[in-house]
Every structure is written in structure tokens, then in C-alpha cells.
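What follows is a set of notes on a single structure, which appears directly below.
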Amino acid sequence: MVKPANQPTTLKDIMTSPVISVTLSHTVFQVLKMAKENNVTGFPIIDMDNKVIGVVSTLDLITDATVGKLHLKLGELPLVIKVEKKVIQFNENTPIKEVLPYFIKNRIGRVITVDAKSRLCGIVSRKDLINFFINLAIQKEEQDLY
């Protein structure tokens, strides 16, 4: 995506949307199956109003706390499994340069993007950032040709 030089690239410009999310009524088995089918490693947990109440990763679910507990709903798991990490979310209009330090400092794999009403609207993963930087490099190479 080419943007005017005076407008920063925002999360909305690179986020994955729509987002595959889960609720507390999903079972561990369902979440792991969804992860496999969609080739992702984590999901936002949303409530009835589409607001993010937690994040669950496949790593959270395959640790010793869930061995043999594939039938349990996320809501039945210990709270530490569902929201072990603070949910890092940003408004979709936040410039990417403001978010990069959170990825680096917190060594996280994804941030949640929300709209003005704090409803889930997207997710930005490391993969999205890699694609962004590759596209920047390609654009620079193309500009250097002219």
C-alpha cells in the first residue's frame, strides 16, 4: 500500500481482518482445531459485545495445565491460562511506529486492534509486520530505479 509521505501507516493499514476469535464457551479441543485449520497460534477471547476480554495462545493450551483436558471450555480453565498475558490492544488508527516498541519490549506475537467503541476489528501479528517491512523495501527499490 502506498500512502502519502505525510500520513503514517497505521495498524488498520496492515492488520488482518476479519479476526478469528473465540469465546469462553469454546473448548480447548475446538480452539486447537481452529488453530490448526487456520494456521494461527492464538486468538482474542471476546464477550457478547465483541469486546476483547483476553487472549489465548496454543502454547497456553498445550502446556501441562491442559494435558488430558481437551473437553474443558476456556471458561472452565484457570484464569492464568486465558489471560496470562495482559491484553495489548491499540486503536486501529495508531501509527505502526508507536506499536513496534511493544512487540520488541514485551516479546509478543500479536496485538489486538479495536475500533473507537473498543470492539475487536483486527489483529496485527509478527507476520503482518514482516509483510509491511518487505513491502517497504520493495517500494524503496522501485523508487531507486527511477
For the chain, whose charge dipole is built from +1 on Lys and Arg Cβ atoms and -1 on Asp and Glu Cβ atoms, the candidate among Val56, Val99, Thr10 with its Cα farthest towards the positive end is Val56
Surrounding charge for Val40, neighbours by C-beta under 10 angstrom, Lys/Arg +1, Asp/Glu -1, total +2
Mean separation of Cα contacts under 8 Å (at least 6 apart) over the residue count of the chain, i.e. the relative contact order in percent, is 30
Counting only residues 5 or more apart in sequence or on a different chain, those whose built amide H sits under 5 Å from that of Val56 are Phe43, Ile45
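For the chain, what does the alpha-carbon gyration tensor say about shape, rounded, prolate or oblate, given a ≥ b ≥ c as the root eigenvalues, a/c under 1.5 as rounded, and a/b over b/c as prolate?
The shape class here is prolate.
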Answer in debye to the nearest 20: the dipole magnitude of the chain about its Cα centre, from +1 Lys/Arg and -1 Asp/Glu charges placed on Cβ, is 280
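Restricting to the chain, compute how many DSSP beta bridges are antiparallel as a %, nearest 5.
So the antiparallel bridges amount to about 80 percent of the total.
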CD proxy, 222 nm, the chain: helix-only mean residue ellipticity via -39,500 (n - 2.57) per DSSP H run with n ≥ 4, per residue, nearest 500, stands at -11000 deg cm²/dmol
Long-range amide H partners of Gly122, meaning residues 5 or more apart or on another chain whose placed amide H is closer than 5 Å, are Thr113
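Quote the FRET efficiency, to the nearest 0.05, computed for Lys140 versus Ile53 with a Förster distance R0 of 35 Å and r equal to the Cβ-Cβ distance. Provide the component values of the computation, followed by the final result.
On the way: r = 40 Å, r/R0 = 1.16.
The computed FRET efficiency comes out at 0.30.
Where a number appears in this text, it was derived from the coordinates with a stated rule and is not lab data. From a predicted model like this one, the values you see are computed outputs, not experimental measurements. Every residue, glycine as well, gets a Cβ built from its backbone with ideal geometry; the counts of neighbours run over all protein chains shown.
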